[in-house]
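I have placed the structure first, in the form of structure tokens, so that the comments after it can refer back to it.
The values are calculated or read from the model by the stated rules, or taken from the named source; none is laboratory data. Note that the coordinates shown come from a computational prediction; the quantities given were computed from them, not determined experimentally. Cβ sites come from the backbone with ideal geometry, for glycine too, and all protein chains shown count toward neighbours. Keep in mind that these areas ignore ligands, DNA and RNA; they rest on the heavy atoms of the full protein, side chains included. Shrake-Rupley method; radii C 1.70, N 1.55, O 1.52, S 1.80 Å.
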Amino acid sequence: MEIKSFSGLKPGQETLDLVNGAHKFQKWNRNLLTDSGGFQMVSLLKLAKITEEGVQFASPHDGSLMMLTPEHSISLQNSIGADILMQLDDVISSLTTGPRVEEAMWRSIRWLDRCIAAHKNQDRQNLFAIIQGGLNKDLRRQCIEEMVKRDTPGYAVGGLSGGEEKDVFWQIVSLCTDLLPKTKPIYCMGVGYAEDLVVCVALGVDMFDCVYPTRTARFGNALTMNGILSLKSGKFANDFGPIEEGCDCPTCTNYSRSYVHLVATKDTVGCHLVSVHNVAFQLRLMRKMREAIIRDEFPSFIINFFASYFGDKSRYPGWAVNALKTVGVDLMAS
């Protein structure tokens, strides 16, 4: 589960220190991952300004100027007590071009060094480096070369899923996974569409995070192995089956499509019910991929997934077909 470090300002760092971290505070005995807070500063807040010192931004509470430095970010994440921490990186849009891309890449490397120096719980919290470089393959290679020298416990591919062409997206992911150590986890940030998960796992990615499952739930969209269901549609008004047959999530176990249709987009309970299902779907999809890899049956899993999720081959995304060909999976073969 991911915790936003900026959201971690409440209940406050002192409270988290007193209770010995977020695991105990929220009674969560499984893994936690924290982001650095930098993305929220740049993407969600007004007047954000990047300097060598850190990210300066206007407080959402009183408008006063605040500074998030690599050291402060790590201090917050140490207090939260997550199992995986993310370095503070210089976040730019994936569509940015020119000198700013290289500047952000080198600054992210320098900030990683500051994060490592500030990290006080290296024996129990794993700090991941974030690979930057935009859509420039040479900069990505250079960043990976430098980040790998730091020998962090894992690596994230950042700076994607910002509107770039999907054929460019997968090539950057593939470049990074080819060059990064095979013995450490690789985390692709901001990726959540089902087909993206399957393709990126085939390219060598291990971990993902994304708001998509819960964001799309707000509009009544349920994710299933047979595609996306728009539960707002009137055709579900008298459908008393679960959202997805065989799903054992609390929503599918206790509520019908008809009930969820009634509350979808009209009441917050509808958003909650579909969110529960969508998150369960994502976890189930990742679990099935892992099981298929262990059985050495992953290529056939990919082929079956696309057939079930998209139906006719004419609906397969061309970028996914192209990406999977590079790892020996031909979706269009008869």
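Give me the 1.4 Å probe accessible area per residue for the chain, excluding ligands and nucleic acids, in Å².
Details: 16230 Å² over 334 residues.
Value for the chain: 49 Å² per residue.
Starting with the highest mean, order 142-148, 20-26, 311-317 by the number of other Cβ atoms within 10 Å, averaged over the residues of each peptide. Mind dumping the intermediate values first?
Working: 142-148: 19.3, 20-26: 15.0, 311-317: 12.0.
Packing order, densest peptide first, comes out as 142-148, 20-26, 311-317.
In region 174-227, what percent of the accessible surface is made up of carbon and sulfur (1.4 Å probe, ligands and nucleic acids excluded)?
Working: 1070 of 2010 Å².
Of all accessible area on region 174-227, carbon and sulfur atoms account for 53 percent.
Can you match Rg and Dmax of the Cα atoms in Å to one of these, (1) 24.5, 88; (2) 29.5, 106; (3) 20.9, 62, based on a calculation from the structure here?
Given (1) 24.5, 88; (2) 29.5, 106; (3) 20.9, 62, the structure-derived one carries the label (3).
Quick one: Karplus J couplings for region 69-78, per residue in order, coefficients 6.51, -1.76, 1.60, θ = phi - 60°, nearest Hz, x for Gly and Pro?
Per-residue couplings from phi come out as 9, x, 5, 5, 4, 5, 4, 4, 5, 4 Hz.
N29 to N304: extension gain in nm, 0.36 nm per residue of separation minus the Cα-Cα distance? The partial results should precede the final answer.
Working: separation 275, 0.36 × 275 = 99.00 nm, distance 3.45 nm.
Going from the current span to full extension adds 95.6 nm.
Per the Debye formula with a single identical scatterer at each Cα and no solvent contribution, what log10 I(q)/I(0) holds for region 288-334 at q = 0.24, 0.27, 0.28, 0.33 Å⁻¹?
Scattering profile of region 288-334, log10 relative to I(0): -0.89, -1.05, -1.10, -1.25.
Short version: ³J(HN,Hα) in whole Hz for each residue of region 28-33, in order, from phi by Karplus 6.51 cos²θ - 1.76 cosθ + 1.60 (θ = phi - 60°), x for Gly and Pro, what are they?
10, 9, 10, 5, 10, 10
Please work out the Cα convex hull volume for region 204-285 and give it in Å³ per residue. Present the calculation step by step, with values, prior to reporting the outcome.
Values: hull volume 7.1 nm³, N = 82.
Spelled out: Cα convex hull of region 204-285, divided by residues, is 86 Å³.
Once the Cβ-Cβ distance between E145 and L95 is put in as r, and R0 is 35 Å, what FRET efficiency do you end up with, to the nearest 0.05? Intermediate results must be reported in sequence, preceding the final value.
Numbers: r = 24 Å, r/R0 = 0.70.
Taking R0 as 35 Å, the efficiency between E145 and L95 is 0.90.
List the residues of region 228-257 whose backbone N lies under 19 Å from a point placed 7 Å from the Cα of I294 along the Cα-to-Cβ direction.
248
Kirkwood Rh and Cα-based Rg: tell me the resulting Rg over Rh for region 129-176, rounded to two decimals. Write down the numbers at each step before the final one.
On the way: Rg = 10.6 Å, Rh = 10.9 Å.
Radius of gyration over Kirkwood radius for region 129-176 works out to 0.97.
What translational D, rounded to a whole number of µm²/s, comes out for region 263-321 from Stokes-Einstein when the hydrodynamic radius is the Kirkwood one over Cα pairs, at 37 °C and 0.692 mPa s? All intermediate terms of the calculation are to be shown ahead of the outcome.
Numbers: Rh = 13.6 Å.
Once the numbers are plugged in, D ends up at 242 µm²/s.
Could you pull the Rg and Dmax for region 131-221, using just the Cα atoms, both in Å?
Cα only, region 131-221: 13.5, 46 Å (Rg, Dmax).
Express the relative contact order of the chain as a whole percentage, based on alpha carbon pairs under 8 Å and six or more residues apart in sequence. Write down the numbers at each step before the final one.
Numbers: 551 pairs, mean separation 35.3, N = 334.
Value for the chain: 11 percent.
Rg(Cα) of region 227-334 divided by 2.2 N^0.38 Å? Walk me through the numbers before you get to the answer.
Numbers: Rg = 16.6 Å, N = 108, 2.2 N^0.38 = 13.0 Å.
Compared with the compact-globule rule of thumb, region 227-334 sits at 1.27.
Along its principal axes, what span do the Cα atoms of region 1-147 show, with the longest given first and each in whole Å?
Cα extents, longest axis first: 46, 37, 24 Å.
Which of the lysines could be linked to K235 by a straight reach, that is with a Cα gap under 19 Å, when you skip same-chain ones fewer than 8 residues away?
Leaving aside lysines fewer than 8 places away in the same chain, those within reach of K235 are K266.
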